[in-house]
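Read-outs: derived from the displayed coordinates by stated rules, not from any lab. Just so you know, these numbers come straight off a predicted model, no measurement behind them. In this analysis, Cβ positions are derived from the backbone assuming ideal geometry, glycine residues included, and neighbour counts consider all displayed protein chains.
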Amino acid sequence: MAGYLLWDVDGTLLLNSAQASRLYDRAIEEVTGFRPDTPGPGEHGKTDGQIIAERLAQYDLDPEWHGAIGARLDELSTDLYLSGDAGRKIAPGVHEALAAVRDAGWTNTLLTGNSPTRARVKLVSAGLDAADFDWEHSFFGHRTRARREITENAVASLGDEPRVIVGDTPSDGQAADAARIPFVAVATGAFGAEVLRETSALVVLDDLVSGQDALLAVLSRLETAAVD
């Protein structure tokens, strides 16, 4: 095995969905009885744990609700995405990129702000096979308040194995920087290539179709550097 490629989910493997924000509000209302009546802070690049904590603070609700809201969010996501009516859509080139990464000897894993349950049902509803990913070496953000906590957990778990993060937001890049993990940006989410070029990304891909060769070239360089 050459190393671990840590994929973000929303905006990277899957196209973003307008329904995501409404799920947080539903979970908050069903657990607390309070109906959110104002837009929450921007969510792109944030973890589930961070979004829930910010909304509880915004609505002056007891932070002790955090765990119960996260559990209800898992249930609502499972019902929604596996109902057949609201399945997510795969970003262009994902199937081919996953196969190419695997053929290059790297392991496809996840580094996402989602919980394990939400990541799984989103991917499966889009038509991806959960077995395409190494879940034992994947990292999730349902309990973290900052994305850098996920990348720090990844470094502690993976040791000296080569790794690289692929994500679609500046927050992905900042979290990668905090843990000194190389970052590859892909502009299939909420941020365009111009914004992503302002990050530390080794390369900015327009998508995983036109950018597959560039991604594989980065993996090759990182593998060679690890050997040297």
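Which angle from 0 to 90°, rounded to the nearest 10, does the C-alpha axis of helix 94-103 make with the longest principal axis of the chain?
With rounding to tens, the tilt is 50 degrees.
Rounding to the nearest 10 and keeping the result within 0 to 90°, find how far the Cα-based axis of helix 116-126 lies from the longest principal axis of the chain.
Approximately 70 degrees, to the nearest 10.
Just rank LEU222, LEU5, LEU73, LEU15, fewest to most, by other beta-carbon atoms within 10 angstrom. Mind dumping the intermediate values first?
Working: LEU222 19, LEU5 28, LEU73 25, LEU15 16.
In increasing order of surrounding Cβ atoms, one gets LEU15, LEU222, LEU73, LEU5.
Relative to the compact globular guide of 2.2 N^0.38 Å, what is the alpha carbon radius of gyration of the chain, as a ratio?
Values: Rg = 17.2 Å, N = 228, 2.2 N^0.38 = 17.3 Å.
So the Cα radius of gyration is 1.00 times the expected 2.2 N^0.38 Å.
In terms of modelled amide H atoms, which long-range or inter-chain residues lie less than 5 Å from the amide H of PHE139?
LEU110, LEU111, THR112
Counting Lys and Arg as +1 and Asp and Glu as -1, what is the net charge of the other residues whose Cβ lies under 12 Å from the Cβ of HIS137? Kindly include the intermediate steps, with their values, before the conclusion.
Numbers: positive: ARG163; negative: ASP134, GLU136, GLU161.
Local net charge: -2.
Taking only Cα atoms and a 10 Å spring cutoff, compute GNM fluctuations for the chain and point out the largest among ASP103, ASP213, ASP132.
Most flexible of the set in this elastic network: ASP103.
Please give the net charge around LEU76, taking every other residue with its beta carbon less than 9 angstrom from that of LEU76, where Lys and Arg add +1 and Asp and Glu add -1.
-2
Could you give me the radius of gyration and the Dmax of region 20-81, taking only the C-alpha atoms into account and expressing both in angstrom?
10.5, 30
Can you list the HN-Hα couplings for region 25-34, worked out from phi with the Karplus curve (6.51, -1.76, 1.60; θ = phi - 60°), rounded to whole Hz and with x for Gly and Pro?
4, 4, 4, 4, 5, 5, 8, 9, x, 8
What FRET efficiency, computed as 1/(1 + (r/R0)^6) with R0 = 45 Å and r the Cβ-Cβ distance, is obtained for VAL209 and ALA71, rounded to the nearest 0.05?
0.75
Hey, rough spin-label estimate for SER83 and TRP135, points 7 angstrom out along Cα→Cβ, what's it come to in nanometres?
So the two model labels end up 2.4 nm from each other.
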